[in-house]
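Working notes, structure below.
The values are calculated or read from the model by the stated rules, or taken from the named source; none is laboratory data. These figures come from a predicted structure and were not determined experimentally. In this analysis, Cβ positions are derived from the backbone assuming ideal geometry, glycine residues included, and neighbour counts consider all displayed protein chains. Side chains included, ligands, DNA and RNA excluded: accessible areas come from the protein's heavy atoms. Shrake-Rupley method; radii C 1.70, N 1.55, O 1.52, S 1.80 Å.
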Amino acid sequence: MDKNQVFQEMKKYYGQTGKVMDPHVFQSQFSGAVSAQEATLGILMFDQYLDSEVRGSGSIS
């Protein structure tokens, strides 16, 4: 699994639940399937997505 897959999974989870993935959920979903570096890059991509698409719109403070 690479950073793009991590990003897509986090984005899908957010779309389904309206919440950012809890660290425990993240760990159970990705444990052993992704390197720490790829996980970190995917998380950063998701954070940038939130900044541009969600936080910027004022729907989350």
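Dimensions of the chain based on its C-alpha atoms, expressed as ranges along the principal axes with the largest first, amount to 36, 19, 15 Å. The figure for residue 31 is an accessible area of roughly 90 square angstrom, using a 1.4 Å probe on the protein chains alone.
For residue 2, the accessible area of its heavy atoms, probed at 1.4 Å with every protein chain present, is near 60 square angstrom.
Suppose accessible area is computed on protein heavy atoms with a 1.4 Å probe; arrange 12, 3, 19 from highest to lowest.
19, 12, 3
Placing dummy labels 7 Å off each Cα toward the beta-carbon, the span from residue 50 to residue 27 is 1.8 nm. For the chain, which whole percent of the accessible surface, found with a 1.4 angstrom probe, sits on carbon and sulfur atoms? Carbon-and-sulfur percentage of accessible area, whole number: 49. By a 1.4 Å probe calculation restricted to protein chains, residue 14 has an accessible surface near 40 Å², given to the nearest 10.
In whole percent, what relative contact order does the chain give with Cα contacts below 8 Å and a gap of six or more residues? Computed value for the chain: 47 percent relative contact order. Of the listed residues 41, 50, the order by accessible area with a 1.4 Å probe, largest first, is 41, 50.
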